[in-house]
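One structure is given here, and the rest of the page talks about it.
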Amino acid sequence: MPRRTELLYMDDSYIRKFSATAIDMEEDAVALDKTAFYPGGGGLPSDTGIMRIGDEEFKVPVTYKKGDLVYHILEGGGLVKPGEIVEGEIDWDRRYRLMRMHTGLHVLGAIFYERMGALVTGNQIGVDRSRVDVNIEGFKRELIGSILEEANRILSEGRKVKIYYLPREEALRIPGIVKLAGAMPPNVERLRIVEVEDIDIQADGGPHVANTNEIGKLVLLRTESKGRRNKRIYFTLEP
């Protein structure tokens with residue numbers, strides 16, 4: 001049995017259903033040889049959905065990564081034996097909303113970086129609202145409004161979002177490849193790159209939309225000052 005979960009979403013964020021083989025159990029969670037469920041991380045919550053095992057169906061409220069394995073909690077304590085085939089299906093409406101938020105946040109962060117050299121100091125992506133923290137001084141709502149306006153113009157232009165891989169050393173030579181303050185990409189030989197055409201390029205491991213015209217409009221909810229050089233912006237999507 002393999003001791004690694006193949007992450008299907010890394011190459012195709014639009015996979016909704018898949019078949020896989022159980023390779024480990026941990027209390028009420030099953031690890032699979034492959035999965036389309038994102039296990040959470042980088043401010044992005046884990047996927048939810050359902051798992052079908054024979055004639056039984058279980059809700060999957062949480063997914064998590066442990067080492068090289070991705071575990072799926074089975075609500076109700078379903079028991080799966082190693083070698084059994086399971087059918088997984090993610091909650092697509094929730095996932096797609098998170099994908100749109102995630103790519104939108106990348107564009108927003110790229111504009112802050114391009115205009116002001118500001119890095120992202122934290123973020124939390126949600127279904128109803130998301131937030132991004134940036135290290136800027138001089139916190140004026142008009143400035144934030146103009147940056148969201150620019151972001152929405154870019155989103156409406158239908159820019160492609162490309163996913164590819166580069167050797168770590170080559171990737172880290174790209175200016176602006178890291179826009180998260182105090183954080184470096186994982187220590188692996190090849191990095192997964194997410195590039196939004198002509199606006200952003202980052203090492204990133206989460207699901208994204210394929211084109212910015214899928215995102216909709218970023219809408220400012222409120223702002224907070226979290227210190228002299230740490231500002232927080234809450235936003236949502238329309239529609």
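The values are calculated or read from the model by the stated rules, or taken from the named source; none is laboratory data. Being a predicted model, the structure only gives us computed values, none of them experimental. Here the Cβ positions follow ideal geometry from the backbone for every residue, glycine too, while neighbour counts run over all protein chains shown.
Brief remarks on what is shown
- Candidate set: segment 140-159, residues that are surrounded by fewer than 13 Cβ atoms within 10 Å (Cβ to Cβ) and in contact with a strand residue (DSSP E or B) (Cβ under 7 Å, 6 or more places away or on another chain); chosen: the one nearest to residue 220 (Cα to Cα): 145
- Filter result for residue 89 (among the charged types (D, E, K, R) and more than 20 Å from the chain's Cα centre (by Cα)): no
- Looking across segment 6-27, the residues that are surrounded by 13 or more Cβ atoms within 10 Å (Cβ to Cβ) and either within 18 Å of the chain's Cα centre (by Cα) or among the charged types (D, E, K, R) (or both) come down to 6, 7, 8, 9, 10, 13, 14, 15, 16, 17, 24.
- Considered as a group, the residues in segment 34-56 that are at pLDDT 95 or above and among the hydrophobic types (A, V, I, L, M, F, W, C) include one that is farthest from residue 23 (Cα to Cα), and that residue is 44.
- Qualifying residue in segment 170-183 (condition: buried (at least 16 other Cβ atoms within 10 Å of the Cβ), in contact (Cβ under 8 Å) with a residue 40 or more places away in the chain, in the same structural domain as residue 106 (by TED's automatic domain parsing) and under 21 Å from residue 8 (Cα atoms)): no
- Looking across segment 89-130 at every residue that is hydroxyl-bearing (Ser, Thr, Tyr) and outside any helix (DSSP H, G or I), the one that is surrounded by the most Cβ atoms within 10 Å (Cβ to Cβ) is identified as 130.
- Close contacts from segment 42-55, counting a first residue that is under 14 Å from residue 92 (Cα atoms) and a second that is small (Gly, Ala, Ser) and in a loop (DSSP other than H, G, I, E, B), with Cβ to Cβ under 6 Å and a gap of 6+ residues or different chains, come to 46/40.
- Residue check for residue 190: exposed (fewer than 14 other Cβ atoms within 10 Å of the Cβ) and over 18 Å from residue 121 (Cα atoms): yes
- Residues that are more than 30 Å from residue 195 (Cβ to Cβ) and assigned to a strand (DSSP E or B), drawn from segment 11-30: 19, 21, 22, 23, 24, 25, 26, 29, 30
- Hey, residue 30 buried (at least 17 other Cβ atoms within 10 Å of the Cβ) and more than 19 Å from residue 11 (Cα to Cα) or not: yes
- Count - residues of segment 131-153 that are farther than 17 Å from residue 212 by Cα and within 20 Å of the chain's Cα centre (by Cα): 4
- Beta carbons closer than 8 Å, at least 6 apart along the sequence or on distinct chains, pair a first residue in segment 146-157 that is assigned by TED's automatic domain parsing to the domain that holds residue 219 with a second that is among the hydroxyl-bearing types (Ser, Thr, Tyr) and assigned to a helix (DSSP H, G or I) for 154/212; 155/212; 156/212; 157/212.
- Test: residue in segment 129-140 that is over 20 Å from residue 238 (Cα atoms), out of contact with any Lys or Arg (no Cβ under 7 Å at 6 or more places or on another chain) and not basic (Lys, Arg): yes
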